[in-house]
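Q: Dropping a structure here in structure tokens format, bear with me for questions.
Just so it is clear, none of the values below were taken in a lab; they were calculated from the coordinates. Nothing here was measured: the structure is a model prediction, and the numbers come from that model. Note that each Cβ is placed from the backbone with ideal geometry, even for glycine, and that neighbours are counted across all protein chains shown.
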Amino acid sequence: MEKVITINSEETEKLGFLTAKKVLALAYSEKALVLALDGELGAGKTTFLKGFAKGLGINKKIQSPTFILMNRFPLKDKKFANFYHFDCYRIENEKEMDCLDFNDVLDKKTNIVCIEWASKIKNILPKKAINIDFKVGNGNERVIMIKNLCQTKKIIS
Ligand code: ADP
Ligand code: MG
């Protein structure tokens, strides 16, 4: 587990960027690579994913897909073909994910899948997911806990 405290959104974006670089360096697993993000509204999940998408080489603007639930971005990477961004804020029942072909997305090892409000669908998430929890600290501080990924802290500070 790694705990990083950021003091502005630029730092949170940078942490996302560096996390993407690490994820790209990971070996294939059998299924999609999943990042499960949790934390209250405004805690920084989408900000983190803006940097994460940049780190994956995506130039398009990342917006919170709260109303459309899912966005897909093609990747120009040797290993990974797609970046999926889900936002489960409005999901009330895990079954609602079926209509988004969520299981097919999780089955493909060439997919990188990031999920905001992941705890809402925790029963259908892979156990191997990288968990990232966001907490609002004092003022603009955000306390970001990353589980199941090697250290990024040294690079950001
Ligand atoms: P979420 O997706 O978790 O609801 P967002 O990333 O959309 O959160 O929003 C975070 C908000 O908090 C933005 O308005 C951002 O400018 C602000 N903010 C202030 N400090 C930070 C920080 N350290 N990290 C991330 N966002 C911050
Ligand atoms: Mg968001």
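Q: For the range 1-108, which chymotrypsin sites (Phe, Trp or Tyr not before Pro) are both in a DSSP coil and crowded by at most 13 other Cβ atoms within 10 Å?
A: 28, 67
Q: Then there's this: Along the principal axes of its C-alpha atoms, what lengths does the range 5-157 span, in descending order and rounded to whole Å?
A: 39, 36, 29
Q: Still on this structure: Counting each DSSP H run of 4 or more residues in the chain as -39500 (n - 2.57), what helix-only mean residue ellipticity at 222 nm follows after dividing by all residues, to the nearest 500 deg cm²/dmol?
A: -7000 deg cm²/dmol
Q: DSSP beta bridges in the range 21-157, what fraction antiparallel, as a percent rounded to 5?
A: If I count the DSSP bridges inside the range 21-157, around 40 percent turn out antiparallel.
Q: Given the options 42, 57, 16, which has the most mean-square fluctuation in a GNM of the chain, springs set between C-alpha atoms less than 10 angstrom apart?
A: With Cα springs under 10 Å in the chain, the top fluctuation among 42, 57, 16 is at 42.
Q: For the chain, what relative contact order do you get, as a whole percent, if you take Cα pairs closer than 8 Å and at least 6 residues apart?
A: It rounds to 36 percent for the chain.
Q: Okay, moving on. Working out 0.36 nm times the residue gap between residue 2 and residue 124, then minus their Cα-Cα distance, what length gain in nm do you get to one decimal?
A: 41.5 nm
Q: Which percent of the Cα-Cα distances in the range 70-157 go past 15 Å?
A: The proportion of pairs with Cα distances above 15 Å equals 67 percent.
Q: If you keep only loop residues by DSSP, which GluC sites (Glu not before Pro) in the range 80-123 have at most 13 other Cβ atoms within 10 Å of their Cβ?
A: Within the range 80-123, the qualifying GluC sites (Glu not before Pro) (loop, at most 13 other Cβ atoms within 10 Å) are 92.
Q: Also, I was wondering about something else. Would you please name the trypsin sites (Lys or Arg not before Pro) within the range 84-133 that are DSSP coil residues with at most 16 other C-beta atoms within 10 Å of their C-beta?
A: For trypsin sites (Lys or Arg not before Pro) across the range 84-133 that sit outside H, G, I, E and B with at most 16 neighbouring Cβ atoms in 10 Å, the list reads 90, 108, 109, 127, 128.
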